[in-house]
Amino acid sequence: MSITIYTAEGCENCHRTTDVLTRKGIEFEAVDVNTLSEAETEELRAQGFRGLPIIVTDSEAWCGLRVDKLVTLTAEAVAR
């Protein structure tokens, strides 16, 4: 499963999200939104994302600290 997390320094919800995945041993790619081009940033906005973190998996994407999604994501990863 591929997981990308768009984050920003100082974002508490970003830190909490990456911390949960790290503690569960789930690999992910972290992308600092401050390193994105204007076009990449606009693409995320066009998809409706207005907050951080933005989590993109093979099958879905969401933004914000979503404990329900993290529980499901970690359960799926552990089951593999």
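Summary table below
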{"quantity": "Contour minus Cα-Cα distance for Ser37 and Thr74 (0.36 nm per residue)", "calculated": "10.3 nm"}
{"quantity": "Separation between Cα centres of segment 58-80 and segment 7-21, rounded to whole Å", "calculated": "14"}
{"quantity": "Selected from Asn13, Gly51, Val78, residue furthest toward positive end of dipole (the chain; charges at beta carbon)", "calculated": "Val78"}
{"quantity": "Residues of the chain: accessible area per residue with a 1.4 Å probe, Å²", "calculated": "64"}
{"quantity": "Rounded to 5, percent antiparallel among DSSP beta bridges of the chain", "calculated": "60"}
{"quantity": "Simple spin-label estimate for Val20 and Arg45 in nanometres, 7 Å along Cα-Cβ", "calculated": "2.8"}
{"quantity": "CD proxy at 222 nm, helix term only [per DSSP H run n ≥ 4: -39500 (n - 2.57); per residue of the chain; nearest 500]", "calculated": "-13000 deg cm²/dmol"}
{"quantity": "Loop-exposed GluC sites (Glu not before Pro) per DSSP, neighbour cap 14 Cβ within 10 angstrom, longest uninterrupted part of the chain", "calculated": "28-59"}
{"quantity": "Of all accessible heavy-atom area on the chain, the percent that carbon and sulfur account for (1.4 Å)", "calculated": "46"}
{"quantity": "Among Asp32, Asp19, Asp58, residue whose mean-square fluctuation peaks in a GNM of the chain (springs only between Cα atoms under 10 Å)", "calculated": "Asp58"}
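The values are calculated or read from the model by the stated rules, or taken from the named source; none is laboratory data. Treat the numbers as computed from the prediction; the structure is a model and nothing was measured. Ideal geometry is used to build each Cβ from the backbone, glycine not excepted, and the neighbour counts take in all protein chains shown. Surface accessibility is based on the protein's heavy atoms, side chains included, excluding ligands, DNA and RNA. Shrake-Rupley method; radii C 1.70, N 1.55, O 1.52, S 1.80 Å.
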